[in-house]
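Where a number appears in this text, it was derived from the coordinates with a stated rule and is not lab data. Note that the structure is a prediction, hence the values are computed from the model and not measured. Backbone-built Cβ (ideal geometry, glycine too); neighbour counts: all protein chains shown.
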Amino acid sequence: MYYGGGYFLYLLFSLPALLLGLWAQIKVKGAYNKYSKVPSATGMTGAEVARRMLDSNNLSSVRIEEIGGTLSDHYDPGSKVLRLSSGVARSNSVAAAGIAAHESGHALQHAAGYGPLKIRSLMIPSVQIGSWLGPIIFMVGLFLASNTGDTIAWVGLALFGATALFALVTLPVEMNASARAKAWLADSGVVYSSEMQGVNQVLDAAALTYVAAAIQALSTILYYLFLLTGRSRRR
């Protein structure tokens, strides 16, 4: 009865988050597919937009590299390299301009010493370990019928908790990068005011995926807490 109730509670918390995540992915792909077919009036490629945004903010030292994949664009603060997918770097679409400016926004954050970005960068090693090792340790501890098992389970929960914290810290980082991108695109004239609707739709849909990821991580933490505290109450 207890574990059946635990699974029901897990579905109760996780299903809305999973549905939100699926909806967010659909919105991202839909917005990207739509506005990747709409050329910007200035005709600048994503790589050119990024270069101009970086140079206008005294970041000419940041290199731009082209990488494979779709929507694999990212900024690497360790090597100060902005990596753009071919579909963004070579395209002169409204979507490419928005994505390139967003990733350039992360370079601006790095140069300005933006606090949440610093925290997220420091957390990456612990998250890489905790995201896969935490659930394993938790389940091992959960099925050990002893107080030692509870201790092990709490250790696993703490490790996985870093993943949830990372997802929460990511929210202001991504939203701030989008805000910087939108402001620069509007002020620079690289994207006309009539085209900003497309930029907003692409970047807002992308932001929703990070919200969904944070909710999913928190729902998993709540489920683990329910299992662990529920077992303690049954003793």
Worksheet entry | Charged-residue dipole, Cβ positions (Lys, Arg, Asp, Glu), the chain about Cα centre, Debye nearest 20 | 500 debye
Discussion item. Tell me the relative contact order for the chain as a rounded percent, counting alpha carbon contacts under 8 Å between residues six or more apart.
Written reply: 26 percent
Practice prompt. Provide HIS74, HIS102, HIS110 in ascending order of the number of other Cβ atoms located within 10 Å of each residue's Cβ, fewest first.
Written response: HIS74, HIS110, HIS102
Item to complete: Please list, in chain and number order, the residues 5+ apart from SER91 or on another chain whose amide H is under 5 Å from its amide H, with Hs placed from the backbone.
Response: GLY46, ALA47
Worksheet, complete the sentence: Residue-normalised 222 nm signal for the chain, counting each DSSP H run of n ≥ 4 as -39,500 (n - 2.57), nearest 500 deg cm²/dmol, is -26500 deg cm²/dmol
Discussion item. Between helix 196-234 and the chain, what is the angle of the helix's C-alpha long axis to the longest principal axis, kept within 0 to 90° and rounded to the nearest 10?
Written reply: 10 degrees
Discussion item. For Cα extents along the principal axes in Å, one of (1) 55, 38, 35; (2) 69, 33, 28; (3) 61, 39, 30 was computed from the structure I shared and the rest are decoys. Which label?
Written reply: (2)
